[in-house]
Structure formats: C-alpha cells, structure tokens
Amino acid sequence: MRRLALNKAKQLLRPLCSSLLTTPIAASDLLSSSSPFCSSSSPSTAMSSTKTAPVSVDNINPKVVKCEYAVRGEIVILAQRLQQELQEKPGAHPFDEILYCNIGNPQSLGQQPITFFREVLALCDHPALLDKDQTHGLFSSDAIDRAWKILDVMPGRATGAYSHSQGIKGLRDLIAAGIAARDGFPANGDDIFLTDGASPAVRSLTLSQNKVILWVLKKYNWYLFQVHMMMQLLLRSEKDGILCPIPQYPLYSASIALHGGTLVPYYLNEETGWGLEISELKKQLDDARSKGVTVRALVVINPGNPTGQVLGEENQREIVEFCKAEGLVLLADEVYQENIYVEDKKFHSFKKVARSMGYGEEDVALVSFQSVSKGYYGECGKRGGYMELTGFAPEVREHIYKIASVNLCSNISGQILASLVMNPPQQGDESYESYVDERDGILSSLARRAKILEEAFNGMDGVSCNKAEGAMYLFPRLRLPRRAIEAAAAANTMPDTLYARRLLHATGIVLVPGSGFGQVPGTYHVRCTILPQEDKIPAIVSRLKDFHAAFMAEFRD
C-alpha cells in the first residue's frame, strides 16, 4: 500500500519536476506568493518585502560614521591592494615592494624583540621548561629567576587563565616599583590598571550605542580601551568636551566621536618646534565654555605623536598648574617615554613633575598611559600596557573598576610584558649587558634614521620639517602649488591626501596625510614613521626626492 502511494506521488510530481528543470526561474519567482515553494505567510516572503536592510550606513550609530582613523585609512587600504597586485603579478607597478611608513609597528618592519623579554614570556607560557635540565643551557639565569617570580604571583601559575580585572596584583606591584624607581616618588599597585583593549565583538555590539563596533578600533591600538574608559567616564553628552592637541593621534578624536562628546582643539605651534602654549590652552578653553561646553580633561601627548616633540620640564609645570587651576583631569599619553633622540631633552612623567611641585593626590587628577607597543621594545602584537590613576575619589575608582570588569581582564602575556618593560634587567644580572646592547642599538639606529629623513625632507623644495626629538615620527609641512590644491579640490579630496596617493602609486611609499591628524587650516602635512630598517632608508629618501621633484614640476604655478 505504501509503495502504491509512493508511485502515485512520483507520477503527480514528474511533470512539475520536468518543468522546473527546463524553465529558468528567477530568485524573485521562488520567493513570490505564487511560487509553489512559498505561501503568503512564509518568513521568506516577509523578508523579501522589506525595503530597508536591517543594518546599513543610514541606520547605524551616526557616531560610528563620524569616527575616523587615518593611520589605517584610505591610503593604507590602497597600499594593501597594490601589494596584492604585486604578489599576483610582479612588475605590475614601478616598484617592487610597499614601504609602510604609516604606523608605529616596529616588528612588522624587521625590528627584533628584546631577548630577555621573550625568554621570560616563553618560560611563563610553558612552565614545564623550568623543570628540565636543558633549560639552564638555553635560557639566562635571570630570565629563569624572573619567570619563577612571575609565576609565583599568578593565580594557578597559568597564562591561560583569567586574572583580576585590574590585572594580576603581583604584576601591578612590580610596575608600581618600576614607576617609583623612574620618578623618585612612591607608586601604588592599586593605582595601576593593566589593559589591552581586546573584547569579543558580541559584547561590544550589545553595549549601549556609544560603544557600537568599538572593538574594530580596539584591534588597532592597545590603549584604546584605556582611553575608552576615560572617555566613557567623563563624557555624558555633546556638552562635555576634551581639550586635545592639533595635530593629534586620531585615537582621541575617534574615541570622543564614538562617545558623543566634543573635541576642543588646541593648536601646537609649528614655528617653535610644535610648542604647547598655555595662552592657546586658555583661549580654546574659554571659547568652549562660552559655547556651553563643559571641558572635563586635557590630553597631552609627550613625546608627541605625530609631531615628535619632547616637552620641557618647565612647560610641564605650567600644564600641571593650568589643570589644577581649571579643574581639569590631565590625560598624559606617555607611551613613547623611551624614545628620546636629542641630548638636551629628557623624559619626565607628569606624575613626577606634579609631585616635585608639591602636589599630592588631592590636588590634581592624573591618568598616565604606557604601552609595550612603543619604546625600544615594539611589542605591538602582545597588546599590553597600563594606566596609572591618581587623584580620583574611591567611589569614582569603583566605577572605573566596574568598566574594566566588563572586559574581564587584559591578556596575560601583555600583563607580563608590561611588568618587564618597567623592570628590565639590572646591572649584575646575567642578561644585563646583552639587554643594554639590544636596547641602545635600537634607539641609536632610530635616532640616525630620524636625522636622515629629517634632512631629506628639509632638502626638498617647499618642505620644512621640525626635528624628531622623540617618538617615532616626522610631520613635515608641504607648501604645495596652487594648481595642486585646485587639482585636489577637483578630485574632491584634500591636497595632502592627493600628494600621499600619488606618492604611493609612484613609489610604493605609504605616508599618512596630515589632514587625518588635524592641522592649522590652510596648511598641509604628511606623517612619516622612522621605523623602516636602516638599510632601506637610502632607497626611501631617493624615491621621496624624485617623486617630490616631479610632483612640484607638474603642478608648478
């Protein structure tokens, strides 16, 4: 009986199947109400009638659309496409490689990691090595000793376990000891928040609209989560503002935009080596207040990014006094503190400066940012860093800890590295001499590269470049011909973007347009890292000079 029913069904379906196999059917027909596969009540029909996509540029959070990150923007996307074309078809362009001078990513450009740091990390990640006899022949004795000490303060002696949301207490205490040794003033591990900014996409997408797709930017900057926490804490609406330097690292403008606040710009003085002038701070603060903006904090980047200047101690004292008088939180971006290239300048932390002025916890609210991505170590992929908070009331700190807890904890490798950066080998340790050789070799090479590139830019027609006193960047000014500016306007782009795009197509060199960092209206710049390996610098200089001469000749008025 069952077989009879089956055969009957086959007979009835055969004409329909034959028709389907010989007649083209559009997808819209399959989803239509008249289709034999759909009824008027089917979910597919309901979906097809929806005119607006559930997620489009028109209906996502406008703060995300407004936010920009020039360091990995249009020019870099173009560079990646050209690199793929070179791989697929060698000789497709007038250069054989892309030279990335757009981002502070040292190890991607050939810089080697510090041996001591990697030895300690390896031993902590695989503690079983510590019980093997061969280990003492492969690893330095002080790396072995440091690994034991770190493992002793880690819950479960496991780098694969969650830690306290603020970071492992023993590692925070080590960092505090390093800060105290650096500054000559006490530091407390309870003031340290170890961070890396990584967080699952699903969590970010389910947070409030001010944090939608923040995870995308977190991938690019280890300390975005630190800045994110401060912006989240301080910015209540567009009526709250943050004083930021112009030019500035676009992390700050992006984060302020995402959190719905107002960026209050203050302009660094290019004529005085990107000087920070208190009169300019006061002018911009008063102007913002007259417009009803409550300015909550001042961002200072020292050494400067993208400008490369190092603040003098007296200037820092003026900044501390300004923040105290105006009731501002001082957000001190000090991630390039190891990168100083001039004899007459020295890094001083803002905390050290404030304490040397006699100001304590109750006088100035201060947040200091540090990173394992920069300095001489360049461990960008390890996503490590910390912020030190002083001058915040206990009840406010509880809320900061709450925000940190949403992220569960920072990655343990980054936490370990942060403790090592602030407590490197000391004289008398087995690794000390090799560590000093590696550190000084990297920093002296960076200084030479900075000088060569600075001189090259200053030797080009219509270009001026301040000295790179620190950090990893030069920010030369381009005095472009009127016809080049008109050509950019006709192409609906900025003149410095036109320049950077043409440079990339002609030479394979990737620079970031100054407009991505902010600049005085009517001026044009590019940011160039000093990170390509030293043996590549002459080729970069040669290509830059040849391109610039041709560009200026083409557009000369």
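I need a count of the residues in region 477-507 that are small (Gly, Ala, Ser) and open to solvent by 10 Å² or more (accessible area, probe 1.4 Å). Before you say what the answer is, go through the steps one by one.
Within region 477-507, the subset small (Gly, Ala, Ser) is 484, 487-491, 500, 506.
When the remaining residues are screened for being open to solvent by 10 Å² or more (accessible area, probe 1.4 Å), the result is 487, 489-491, 506.
Looking only at that region, the number is 5.
Restricting attention to region 132-180, and to residues there that are polar (S, T, N, Q) and surrounded by 15 or more Cβ atoms within 10 Å (Cβ to Cβ), which single residue is farthest from residue 433 (Cα to Cα)?
Of region 132-180, the ones polar (S, T, N, Q) are 134-135, 140-141, 159, 163, 165-166.
Those left that are additionally surrounded by 15 or more Cβ atoms within 10 Å (Cβ to Cβ): 135, 140, 159, 163, 165-166.
Values: 135: 20, 140: 12, 159: 28, 163: 33, 165: 36, 166: 33 Å.
In this case the residue turns out to be 165.
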Subject >> Selection count, region 75-105, where residues are touching a Gly at 6+ places or on another chain (Cβ under 6 Å) and farther than 16 Å from residue 533 by Cβ >> reply: 1
Original post:
Which residues, taken from region 436-476, are open to solvent by 50 Å² or more (accessible area, probe 1.4 Å), outside any loop (DSSP other than H, G, I, E, B) and basic (Lys, Arg)?
Top reply: 439, 448, 451
Subject >> Residue under evaluation residue 293, criteria (1) touching a Ser or Thr at 6+ places or on another chain (Cβ under 8 Å); (2) β-branched (Val, Ile, Thr); (3) loosely packed, with under 15 Cβ neighbours inside 10 Å, criterion not met >> reply: (3)
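Within the bounds of region 326-333, is there any residue that is of a type outside the set (A, V, I, L, M), open to solvent by 10 Å² or more (accessible area, probe 1.4 Å), touching a residue at least 40 places away in the same chain (Cβ under 8 Å) and not in a loop (DSSP other than H, G, I, E, B)? Lay out the reasoning, then the answer.
So the first thing to find is which residues in region 326-333 are of a type outside the set (A, V, I, L, M), and the list is 326-327, 333.
Now drop any that are not open to solvent by 10 Å² or more (accessible area, probe 1.4 Å), which leaves 326-327.
Within this subset, residues satisfying the condition of being touching a residue at least 40 places away in the same chain (Cβ under 8 Å) are 326.
Add one more test, that the residue is not in a loop (DSSP other than H, G, I, E, B), and what stays is 326.
Yes, region 326-333 contains a residue that is of a type outside the set (A, V, I, L, M), open to solvent by 10 Å² or more (accessible area, probe 1.4 Å), touching a residue at least 40 places away in the same chain (Cβ under 8 Å) and not in a loop (DSSP other than H, G, I, E, B).
Here is a list: 176, 187. Which entry is among the aliphatic types (A, V, I, L, M), assigned to a loop (DSSP other than H, G, I, E, B) and modelled with pLDDT of 90 or more? Don't jump to the end; show me each part of the working.
Details: 176 fails: assigned to a loop (DSSP other than H, G, I, E, B).
Being among the aliphatic types (A, V, I, L, M), assigned to a loop (DSSP other than H, G, I, E, B) and modelled with pLDDT of 90 or more holds for just one of 176, 187, which is 187.
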**OP:** Would you please list the contacts, defined by Cβ atoms under 7 Å and residues six or more apart or on different chains, that run from a residue in region 95-108 that is more than 20 Å from residue 538 (Cβ to Cβ) to a residue that is part of a loop (DSSP other than H, G, I, E, B) and open to solvent by 10 Å² or more (accessible area, probe 1.4 Å)?
**Re:** 104/374; 107/113
Original post:
Only one of these conditions is not met by residue 74: (1) modelled with pLDDT of 90 or more; (2) closer than 21 Å to residue 512 by Cα. Which number is it?
Top reply: (1)
Original post:
Under 8 Å by Cβ, and 6 or more places apart or on different chains, what pairs join a residue from region 528-548 that is in contact (Cβ under 8 Å) with a residue 60 or more places away in the chain and assigned to a helix (DSSP H, G or I) with one that is hydroxyl-bearing (Ser, Thr, Tyr) and crowded, with 16+ Cβ neighbours inside 10 Å?
Top reply: 534/445; 543/507; 544/507
Original post:
Cβ-Cβ below 8 Å, separation at least six or inter-chain, first residue in region 387-406 and touching a residue at least 24 places away in the same chain (Cβ under 8 Å), second assigned to a helix (DSSP H, G or I) and open to solvent by 40 Å² or more (accessible area, probe 1.4 Å): which pairs?
Top reply: 389/397; 396/233; 399/233; 400/233; 403/232; 403/233; 406/203
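Here are 356, 349, 373: which of them is of a type in the set (S, T, N, Q) and open to solvent by 10 Å² or more (accessible area, probe 1.4 Å)?
Values: 349 fails: open to solvent by 10 Å² or more (accessible area, probe 1.4 Å); 373 fails: open to solvent by 10 Å² or more (accessible area, probe 1.4 Å).
Every option except 356 fails the conditions.
Can you tell me how many residues within region 406-435 are part of a helix (DSSP H, G or I) and surrounded by 19 or more Cβ atoms within 10 Å (Cβ to Cβ)?
Restricting attention to region 406-435, the residues satisfying the condition of being part of a helix (DSSP H, G or I) are 406, 412-421, 432-435.
Narrowing the set further to residues that are surrounded by 19 or more Cβ atoms within 10 Å (Cβ to Cβ) leaves 412-421, 435.
Summing the residues that are part of a helix (DSSP H, G or I) and surrounded by 19 or more Cβ atoms within 10 Å (Cβ to Cβ) in region 406-435 gives 11.
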**OP:** Please enumerate the residues belonging to region 99-131 that are surrounded by fewer than 21 Cβ atoms within 10 Å (Cβ to Cβ), within 19 Å of the chain's Cα centre (by Cα) and of a type outside the set (A, V, I, L, M, F, W, C).
**Re:** 100, 105, 107, 108, 111
Original post:
Looking at region 133-160, which of the residues that are out of contact with any Cys (no Cβ under 9 Å at 6 or more places or on another chain) and modelled with pLDDT under 80 is farthest from residue 408 (Cα to Cα)?
Top reply: 158
**OP:** Those residues that are closer than 14 Å to residue 125 by Cβ and over 30 Å from the mean Cα position of the chain (by Cα), I need them from region 149-164; list them, please.
**Re:** 156, 157
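So, in region 537-557, of the ones that are of a type outside the set (A, V, I, L, M) and surrounded by 15 or more Cβ atoms within 10 Å (Cβ to Cβ), which residue ends up farthest from the chain's Cα centre (by Cα)? Outline the logic, then answer.
Within region 537-557, the first condition is being of a type outside the set (A, V, I, L, M), and the residues that meet it are 538, 542-543, 545-548, 551, 554-557.
So of that shortlist, the ones also surrounded by 15 or more Cβ atoms within 10 Å (Cβ to Cβ) come out as 543, 545, 547-548, 551, 555.
On the way: 543: 28, 545: 29, 547: 29, 548: 29, 551: 31, 555: 35 Å.
This residue is 555.
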Original post:
Does at least one position in region 229-241 carry a residue that is out of contact with any helix residue (DSSP H, G or I) (no Cβ under 6 Å at 6 or more places or on another chain), modelled with pLDDT of 95 or more, assigned to a loop (DSSP other than H, G, I, E, B) and charged (D, E, K, R)?
Top reply: no
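The values are calculated or read from the model by the stated rules, or taken from the named source; none is laboratory data. Please read all numbers here as calculations on a predicted model, not as lab measurements. Heads up, the Cβs are rebuilt from the backbone with ideal geometry, glycines too, and the neighbour counts pull from every protein chain shown. These accessible areas exclude ligands, DNA and RNA; they are computed on the full protein's heavy atoms, side chains included. Shrake-Rupley method; radii C 1.70, N 1.55, O 1.52, S 1.80 Å.
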